[in-house]
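Colleague: Mind having a look at this structure? Questions to follow.
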Amino acid sequence: NKARLEQQSRELAAERRARRAAEGQLGAAMSSLREVAQVREDPRGVVITLDGAVLFPAGKVELLPIAKQRLARVAQVLREQGDDKSIIIEGHTDSRGSSRKNMAVSERRAQAVRDHLVRLGVSPGRIEAVGRGSGFPIANNRTPDGRANNRRVEIIVKEGPADQG
């Protein structure tokens, strides 16, 4: 019994070391992302925010070359996460234009980011793309800087499978 207890204790210690090493690797990967995006923890999971001005030309949904470079870095980290984490890509717009147009643009931009990440090797079953339109501003839409901050894509990485639907 004592030998079995000692064996379990050694196995538990080994698991803790492995988990700390994995968390360290994740922390290093997320730190490297901070060079190309804002990264923060929030109740939804780890949120990677990419500035819309760097991703898309004004009013367009085609990715800019710089966006593809930044998304390559994001894709690398997402591939390293493993398939047990799901990814939600949210497109956001400023308040200019109609709600319908903003929703359509935000959906198409989120889908463009999703498609590019899949091309870069991120498992498509892990990723859901959704448009949020102008409904979730992070800055005042009355100023050019505020509108620029609201035009963004957020990539949320969370535990568990992607939501279906």
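The values are calculated or read from the model by the stated rules, or taken from the named source; none is laboratory data. Predicted model, so just to flag it, every value in this text is computed and none were measured. Backbone-built Cβ (ideal geometry, glycine too); neighbour counts: all protein chains shown. Each accessible area value is taken on the protein alone, full model and side chains, heavy atoms only, with ligands, DNA and RNA left out. Shrake-Rupley method; radii C 1.70, N 1.55, O 1.52, S 1.80 Å.
Colleague: Percent of accessible area on the range 84-152 owned by carbon and sulfur, 1.4 Å probe?
Modeller: Exposed carbon and sulfur together represent 49 percent of the surface.
Colleague: Taking the chain as a Gaussian network, where each spring joins two C-alpha atoms under 10 Å apart, which residue of Ile87, Ile138, Ile155 fluctuates the most?
Modeller: Fluctuation is largest for Ile138.
Colleague: Continuing with the same structure: Which angle from 0 to 90°, rounded to the nearest 10, does the C-alpha axis of helix 2-33 make with the longest principal axis of the chain?
Modeller: The answer is roughly 20 degrees.
Colleague: Helix 99-119: angle to the longest alpha-carbon principal axis of the chain, degrees 0 to 90, nearest 10?
Modeller: 40 degrees
Colleague: I'd like to know which of Gly125, Gly135, Ala14 lies farthest towards the positive end of the charge dipole of the chain, counting +1 on Cβ of Lys and Arg and -1 on Cβ of Asp and Glu.
Modeller: Gly135
Colleague: If the elastic network links every pair of Cα atoms under 10 Å, which of Ala58, Ala112, Ala72 fluctuates the most in the Gaussian network model of the chain?
Modeller: Ala58
Colleague: In the chain, what is the volume of the convex hull around the alpha carbon atoms, normalised per residue and reported in Å³? Could the numbers behind the result be given before it?
Modeller: Working: hull volume 20.6 nm³, N = 165.
Per-residue hull volume (Cα only) is 125 Å³.
Colleague: I've got another one for you. What residues qualify as long-range amide H neighbours of Gly133, i.e. H under 5 Å apart, gap of 5 or more or another chain, H built at 1.01 Å from N?
Modeller: Thr93, Ser106, Glu107
Colleague: Roughly how big is the chain's charge dipole about its Cα centre, with Cβ charges of +1 (Lys, Arg) and -1 (Asp, Glu), in debye to the nearest 20?
Modeller: That gives a dipole near 220 debye.
Colleague: On to the next question. Connecting C-alpha atoms closer than 10 Å in a GNM of the chain, tell me which of Gly52, Gly82, Gly131 has the biggest fluctuation.
Modeller: Residue with maximal mean-square fluctuation among Gly52, Gly82, Gly131: Gly82.
Colleague: Starting from the residue with the highest accessible area, list Ser9, Ser86 in decreasing order, probe 1.4 Å.
Modeller: Sorted descending by solvent-accessible area, the residues read Ser9, Ser86.
Colleague: If you don't mind, another one. Subtracting the Cα-Cα distance from 0.36 nm times the residue separation, let me have the gained length for Glu35 to Phe136 in nm, one decimal.
Modeller: 33.9 nm
Colleague: With every protein chain kept in place and ligands, DNA and RNA left out, what is the accessible area per residue of the range 44-155? Probe 1.4 Å, answer in Å².
Modeller: Accessible area per residue, the range 44-155: 48 Å².
Colleague: I've got another one for you. On a 0 to 90° scale, report how tilted helix 65-81 is relative to the longest principal axis of the chain, with both axes built from alpha carbons and the result rounded to the nearest 10.
Modeller: Relative to the chain, helix 65-81 is tipped by roughly 20 degrees.
Colleague: Next question, about the same structure. Could you pull the accessible area for Val61 with a 1.4 Å probe, rounded to 10 Å²?
Modeller: 20 Å²
Colleague: Which of the aspartates and glutamates could be linked to Lys101 by a straight reach, that is with a Cα gap under 18 Å, when you skip same-chain ones fewer than 8 residues away?
Modeller: Answer for Lys101, where 18 Å is the Cα cut-off: Glu62, Glu90, listed by chain and number.
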